[in-house]
């Protein structure tokens with residue numbers, strides 16, 4: 001399928017994560033079973049997600065893609081809970097892998113769907129935590145993977161919304177990005 005332009009794409013970074021403000025976050029209720037790289041949202045982050053929901057309440061969105069980390073799925077779920085949409089958890093959208101456990105600590109779609117009812121359990125991600133390509137260190141190391149993932153998403157779906165990580169936000173609109 002050919003990628004159609006123009007299209008409107010919204011990129012939203014996940015809200016504040018608990019591990020950025022609380023080094024003892026893994027002792028909190030709700031942290032059971034989460035890997036060290038898979039923090040949930042803080043109370044402030046939950047409020048920020050509600051603010052994003054309010055921002056997008058009158059915005060026409062056709063698809064929602066999120067990195068499968070809890071913080072991104074939770075952010076996306078709050079934003080779309082009144083939109084009759086499901087969140088497509090896509091491993092190819094996760095942050096630079098040098099920041100993650102090996103393999104990354106996010107859950108597979110079936111387990112995510114048990115925790116987050118707005119997960120699209122019919123969506124088959126292009127990458128799982130076990131099929132992500134090896135990357136070097138540095139925030140830009142994920143650019144080829146995220147670029148390839150976005151190309152695949154753009155080829156298969158029209159009209160996008162994505163929630164992600166700061167590494168994605170920094171270079172997403174670079175003209176050369178989609179060519180990498």
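Please treat every number below as a calculation from the coordinates, not as lab data. Source: prediction; values computed, not measured. Every residue, glycine among them, receives a Cβ derived from its backbone with ideal geometry; neighbour counts consider all protein chains shown.
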For 39, 121, 128, what ranking results if the residue with the fewest other Cβ atoms within 10 Å of its Cβ goes first?
121, 128, 39
Would you mind computing Rg(Cα) / (2.2 N^0.38 Å) for the range 39-142, counting N as its residues?
1.09
To check you understand DSSP bridge types, tell me what percent of the beta bridges within the chain (both residues inside) are antiparallel, rounded to 5.
10
Looking only at 28, 97, 132, which one moves most when the chain is put into a Gaussian network model with springs between Cα atoms under 10 Å?
28
One quarter of the convex hull surface, Cα atoms only: what value does that give for the chain in nm²?
10.2
What nm distance separates the two modelled labels at residue 108 and residue 148, each placed 7 Å from Cα along Cα→Cβ?
2.1
How would you classify the range 23-76 from its alpha-carbon gyration tensor, with a ≥ b ≥ c the square roots of the eigenvalues: rounded for a/c under 1.5, else prolate if a/b is greater than b/c, otherwise oblate?
oblate
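Would you mind ranking 110, 140, 37 by Cβ crowding within 10 Å, fewest neighbours first? Each step should come with its number before you reach the end.
Details: 110 9, 140 14, 37 17.
Ranked by crowding around the Cβ, least crowded first: 110, 140, 37.
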Contact order normalised by length for the range 41-114, with contacts defined as Cα pairs under 8 Å and 6 or more residues apart; what percent is it?
33
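Which order do 26, 71, 13 fall in if you start with the one that has the fewest other Cβ atoms within 10 Å? Please report the intermediate quantities before stating the final value.
Working: 26 14, 71 28, 13 17.
Final ranking by Cβ density, sparse to dense: 26, 13, 71.
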